[in-house]
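What follows is a single structure, written as structure tokens, with notes after it.
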Amino acid sequence: MMVSPTVLASLVEKYVDTIVKGKVPCVESAVTALARTRNTEAVAEAVAEYRKGMEQDLVLPTDSRAVLVDVHRRWERRAVTLFLSHAFADNERTYQCQLMVSHCRTV
């Protein structure tokens, strides 16, 4: 897994904050907290991208169901790609599943 400098900096900040508070840092806890924060943000960004794209490209009423499905699939792929580029340690795909459920509510 490749870690971006931003993610690494956030992880170091959490680790140092724990030390400053006089607690014993746990790398696993810091990574879990960082993953939760980053992945929640990544889901929100991806859903926003999907919604924006659907609003931009979909003119209702459509000529056919195929047009709706085509636009949906295009923006779904873009949203998942965006999510995956920002996700961190989502090994169980918990947040990716949240993304799929969240964007389906917008259709």
## Note on the structure
Exception for Pro25 within (1) over 21 Å from Leu82 (Cα atoms); (2) crowded, with 16+ Cβ neighbours inside 10 Å falls at (2)
### Task
Could you check Asn91 against (1) under 15 Å from the mean Cα position of the chain (by Cα); (2) among the polar types (S, T, N, Q); (3) surrounded by 12 or more Cβ atoms within 10 Å (Cβ to Cβ) and say which number it fails?
(3)
## Note on the structure
Among Thr32, Thr40, Thr62, the single one that is among the hydroxyl-bearing types (Ser, Thr, Tyr), open to solvent by less than 80 Å² (accessible area, probe 1.4 Å) and not in a helix (DSSP H, G or I) is Thr62
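Determine which member of the set Glu76, Glu45, Glu49 is touching a Lys or Arg at 6+ places or on another chain (Cβ under 7 Å), open to solvent by 40 Å² or more (accessible area, probe 1.4 Å) and part of a helix (DSSP H, G or I). Outline the logic, then answer.
On the way: Glu76 fails: touching a Lys or Arg at 6+ places or on another chain (Cβ under 7 Å); Glu45 fails: touching a Lys or Arg at 6+ places or on another chain (Cβ under 7 Å).
Exactly one residue qualifies, and that residue is Glu49.
The values are calculated or read from the model by the stated rules, or taken from the named source; none is laboratory data. Remember, it's a predicted structure, so these values are computed and weren't measured experimentally. We place every Cβ from the backbone using ideal geometry, glycine too, and count neighbours over all the protein chains shown. All accessible areas refer to the heavy atoms of the entire protein, side chains included, with ligands and DNA or RNA removed. Shrake-Rupley method; radii C 1.70, N 1.55, O 1.52, S 1.80 Å.
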